[in-house]
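The values are calculated or read from the model by the stated rules, or taken from the named source; none is laboratory data. In this text the structure is predicted, and so the values were computed from the model without any measurement. Note that we place each Cβ from the backbone using ideal geometry, even for glycine, and neighbour counts take in every protein chain shown.
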Amino acid sequence: MSSHQPITSWASDDKPREKMLLKGRQSLSDSELLAILIGSGIVGMSAVDLGKKILNDYNNNLNELGKAEIKDFIKKYKGIGNAKAIQIVAALELGRRRQNAVPLERVAIKSSKDAYNYLYPFMADLPHEEFWILLCNHSNKIIDKQVIGRGGLASVVVDTKFIIRHALDHLASAIILCHNHPSGNLNPSKEDIQLTNRVKEAAHLLDIRVLDHIIIGDMKYYSFADEGML
């Protein structure tokens, strides 16, 4: 294997990109992360080796490396031009800004009213039915929201497998089901009840809690949990 081959042509075990996909970003060393930004090495030195050299020149300290300017990379390292230098500096700058960013405060769902208040702005005044889910962590804080289906005036087709797949993809510990009734009639249909039971049974097998199923009407709602339907 030639040492100056691009990363895409390396053996699988030597590819930082593939390693990240297979084992996660935490598995990569600083030099491997830097190698992804560099892309390819130079004659006699792979991208990872070049990453190691750059880090060594800055005492293996990312804070020191973050002070380097575009011109520093171009001047010091053969094979690093404007494009690669800009990528490295941009990545380091993003890392610096992340340190100063305020963590996003997740909304906690403590009651059916909380779920209704969160979802109502997305579903108010829709002329058709939509089915949404809220994905929550173990503290019932919202991780994400997903639209599962859109339908007509009186129904929407929902596949239980899609709901469970989204929950698994987000490592959710709990989910809240929600759909609207454009007619304003809040009474759950037989299909609403059957779907809720199917999702609850499937989720239970995977240790995922179904906290509620909310039906949203005109400025009001129906909660399966409040009505003892769960």
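Would you say ASN137 is under 16 Å from ALA174 (Cβ atoms) and either surrounded by 14 or more Cβ atoms within 10 Å (Cβ to Cβ) or more than 20 Å from the chain's Cα centre (by Cα) (or both)?
Yes; evaluated as a whole, the condition is true for this residue.
Please specify each residue of region 175-212 satisfying the condition of being over 22 Å from ASP125 (Cα atoms) and assigned to a loop (DSSP other than H, G, I, E, B).
LEU206, ASP207, ILE208
Of all residues in region 212-228 being surrounded by fewer than 20 Cβ atoms within 10 Å (Cβ to Cβ) and out of contact with any Asp or Glu (no Cβ under 9 Å at 6 or more places or on another chain), which is modelled with the lowest pLDDT?
Selected residue: MET219.
Of the residues that make up region 163-173, is at least one of a type in the set (Lys, Arg) and either farther than 30 Å from ASP30 by Cα or touching a strand residue (DSSP E or B) at 6+ places or on another chain (Cβ under 9 Å) (or both)?
Yes, the conditions are met somewhere in region 163-173.
Please give the number of the condition GLU191 fails out of (1) touching a Ser or Thr at 6+ places or on another chain (Cβ under 8 Å); (2) within 23 Å of ASN117 (Cα to Cα); (3) loosely packed, with under 13 Cβ neighbours inside 10 Å.
With (1) touching a Ser or Thr at 6+ places or on another chain (Cβ under 8 Å); (2) within 23 Å of ASN117 (Cα to Cα); (3) loosely packed, with under 13 Cβ neighbours inside 10 Å applied to GLU191, the lone miss is (2).
All but one of (1) charged (D, E, K, R); (2) at negative phi; (3) over 28 Å from the mean Cα position of the chain (by Cα); (4) not in a helix (DSSP H, G or I) hold for ASP144, so report the exception by its number.
(3)
Determine, yes or no, whether ILE215 is out of contact with any His (no Cβ under 7 Å at 6 or more places or on another chain) and assigned to a strand (DSSP E or B).
So ILE215 fails the test.
Pick out the one residue from ILE143, ILE163 that is without any contact (Cβ under 8 Å) to a residue 60 or more places away in the chain, farther than 18 Å from ALA225 by Cα and in contact with a helix residue (DSSP H, G or I) (Cβ under 8 Å, 6 or more places away or on another chain).
ILE163 is the lone residue from the list that is without any contact (Cβ under 8 Å) to a residue 60 or more places away in the chain, farther than 18 Å from ALA225 by Cα and in contact with a helix residue (DSSP H, G or I) (Cβ under 8 Å, 6 or more places away or on another chain).
Under 7 Å between Cβ atoms, which residue pairs at least 6 apart in sequence (or on different chains) link something in region 19-38 that is free of Cβ contacts under 8 Å to residues at least 24 places away in the same chain and polar (S, T, N, Q) with a partner that is buried (at least 19 other Cβ atoms within 10 Å of the Cβ) and assigned to a helix (DSSP H, G or I)?
none
What do you reckon, is ALA172 of a type outside the set (Lys, Arg), in the same structural domain as TYR118 (by TED's automatic domain parsing), in a helix (DSSP H, G or I) and free of Cβ contacts under 8 Å to residues at least 60 places away in the same chain?
For ALA172, the condition - of a type outside the set (Lys, Arg), in the same structural domain as TYR118 (by TED's automatic domain parsing), in a helix (DSSP H, G or I) and free of Cβ contacts under 8 Å to residues at least 60 places away in the same chain - is not met.
If I filter region 39-59 for residues that are at pLDDT 90 or above, under 30 Å from TYR221 (Cβ atoms) and not hydroxyl-bearing (Ser, Thr, Tyr), do I get at least one hit?
Checking region 39-59: not a single residue is at pLDDT 90 or above, under 30 Å from TYR221 (Cβ atoms) and not hydroxyl-bearing (Ser, Thr, Tyr).
Of the numbered conditions (1) touching a Phe, Trp or Tyr at 6+ places or on another chain (Cβ under 9 Å); (2) more than 16 Å from PHE224 (Cβ to Cβ), PRO188 satisfies every one except a single condition; which is it?
(2)
Quick one: ALA47 ticks every box in (1) over 30 Å from ASN140 (Cβ atoms); (2) out of contact with any helix residue (DSSP H, G or I) (no Cβ under 7 Å at 6 or more places or on another chain) except a single one, so which number is it?
(2)
Give region 175-230 a look and list any residue that's under 24 Å from the mean Cα position of the chain (by Cα) and among the aliphatic types (A, V, I, L, M), or say none.
Passing the criteria: ILE175, ILE176, LEU177, VAL199, ALA202, ALA203, LEU205, LEU206, ILE208, VAL210, LEU211.
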